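The values are calculated or read from the model by the stated rules, or taken from the named source; none is laboratory data. This one's a predicted model, so the numbers in the text were calculated from it and none came from an experiment. Cβ: placed from backbone, ideal geometry, glycine included. Neighbour counts: every protein chain shown.
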Amino acid sequence: MISGGADFPFDALGSGNGSRTLIEACLATLHELLPEIKRLVVHGVGRKKVGPACTECFGVYLIDNDGAEHPFLHFEAASSATYAALRVAQVYRLGIAFGNFAEPRLCTDWPPSPLIS
């Protein structure tokens, strides 16, 4: 159980094929920041070029009271990221927003691999 009296909705992680270490790190981030989290946001994220192409994934970020974004979860599919954000927002009673998926952010240091699918 995480502070706030609610259990993390593990169904939000889909098939759960992400590494256990990565999932534990994400939960630790949520636990640490939960008192300051105002809402979640889902962004399309363009990862650093891998070979000739830029790969894309979808990230769920935690937005604190000061408006700072903190990476939380990342997925291969927009539908998975959206479901995860909706479930976490439902359980912890947080607001939710969506970035522009058509123009993904370019991010070179996040997300770490492997992605949750």
Can you tell me which residue is modelled with the highest pLDDT among those in the stretch 99-117 that are under 12 Å from the mean Cα position of the chain (by Cα) and of a type in the set (A, V, I, L, M, F, W, C)? 116
What is the residue count in the stretch 12-34 for residues that are at pLDDT below 70 and either polar (S, T, N, Q) or not in a helix (DSSP H, G or I) (or both)? 6
Name, by its number, the condition in (1) modelled with pLDDT under 75; (2) assigned to a strand (DSSP E or B); (3) in contact with a Leu (Cβ under 6 Å, 6 or more places away or on another chain) that does not hold for residue 49. (3)
Restricted to the stretch 57-81, and to residues that are in a strand (DSSP E or B) and among the hydrophobic types (A, V, I, L, M, F, W, C), which residue is farthest from residue 35 (Cα to Cα)? 57
Is it the case that some residue within the stretch 82-95 is under 26 Å from residue 7 (Cα atoms), assigned to a loop (DSSP other than H, G, I, E, B) and at pLDDT below 90? no
